[in-house]
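*Asks:* One structure, pasted below without further comment.
What follows draws every value from the coordinates through simple rules; no lab data is involved. Just so we're clear, the structure is a prediction, and the values are computed from it rather than from any experiment. Neighbour counts run over all protein chains shown; Cβ positions are idealised from the backbone, glycine included.
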Amino acid sequence: MVNFCVQAAVLARLITKKRQDMDKKLEKAMNEQLSKEFYSAYLYVSMAAYFESENLAGFSHWMKMQAQEELLHAMKFFDFLNERSSKVILEAIDKPPYKFLSIDDVFKANLKHEQGVTGRINNLYATAQKVNDNATAIFLQWFINEQIEEEKNPVDILTKLKYVKDQPAGILILDKELAARPQPVLGPTAGNAA
Ligand code: FEO
């Protein structure tokens, strides 16, 4: 029995050793990004709450879908870190802003936030390359591509708002359009599915 336990422990160590250990600095940064993705969801729920208070159900729906997408982003990091046998450590999530001046103000904040996310993902990618962690670099490529859309979405909406110029009829048409945003479904990244 003792022999069997020793053999099982040795086997478990061998299996674990087969996986490439993640550089500690990179692992910490990946964990931070995991928590930041949860913050993104929190921020967009706060923006949805603003739209609810303005009786703009379509804008609110769009933000709720965006929040759901961020939760999927967070879980991609969660799954990848676990697949690499890295330790997942969740951090406290900051209180998001909740006072917004206008619809425009919300989407400008949305864009600014996503530009910050793009910068962080690019830094992570550079760190992964620096420590020759190809698996993590390939995983992050999915996010680099995703950030193109994440920045494009608020830019598109800001452009439409510019044409609408605060006219109620135009705002209501846009509200209806944004109400049609479907539930997010994310494609697979290298190293984890969906
Ligand atoms: Fe997870 Fe909006 O980027």
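*Asks:* Let's see if you can work this out: charge +1 on each Lys and Arg Cβ, -1 on each Asp and Glu Cβ, no other charges. What is the dipole magnitude of the stretch 87-184 about its Cα centre, in debye to the nearest 20? Numbers along the way, then the final one.
*Replies:* On the way: 13 positive and 14 negative charges, 28 e Å.
For the stretch 87-184, the charge dipole is close to 140 debye.
*Asks:* Going from the alpha-carbon gyration tensor of the chain, what semi-axes, largest first and in whole Å, does one get by taking the root of 5 times each eigenvalue?
*Replies:* For the chain, the semi-axes come out at 41, 16, 14 Å.
*Asks:* Among LEU174, TYR50, PHE77, which residue has its Cα furthest toward the positive end of the charge dipole of the stretch 22-178, with +1 on Lys/Arg Cβ and -1 on Asp/Glu Cβ?
*Replies:* PHE77
*Asks:* Name the residues whose placed amide hydrogens come within less than 5 Å of the amide hydrogen of THR189, ignoring near sequence neighbours (fewer than 5 apart) on the same chain.
*Replies:* So THR189 has HN proximity to ALA194.
*Asks:* Straight-line reach from LYS87: which aspartates and glutamates have a Cα under 14 Å away, not including same-chain ones fewer than 8 places off?
*Replies:* Output for LYS87: ASP21, ASP23, GLU27, GLU32, ASP79.
*Asks:* Okay, next question. Does anyone have the angle between helix 24-53 and the longest principal axis of the chain? Alpha-carbon axes, 0 to 90°, nearest 10?
*Replies:* Once rounded, the angle reads 20 degrees.
*Asks:* Each label point is 7 Å from the Cα along the Cα-to-Cβ direction; what then is the distance between the points at LYS24 and GLU149, in nm?
*Replies:* 3.8
*Asks:* On a 0 to 90° scale, report how tilted helix 57-83 is relative to the longest principal axis of the chain, with both axes built from alpha carbons and the result rounded to the nearest 10.
*Replies:* 10
*Asks:* Straight-line reach from LYS152: which aspartates and glutamates fall under 14 Å, measuring Cα to Cα and dropping same-chain residues less than 8 apart?
*Replies:* Within the straight-line limit of under 14 Å, LYS152 reaches these aspartates and glutamates: GLU114.
*Asks:* Could you derive backbone 3J(HN,Hα) for the stretch 104-110 from the dihedral phi with the Karplus parameters 6.51, -1.76 and 1.60 (θ = phi - 60°), listing whole Hz in sequence and x where the residue is Gly or Pro?
*Replies:* 4, 4, 5, 6, 5, 5, 4
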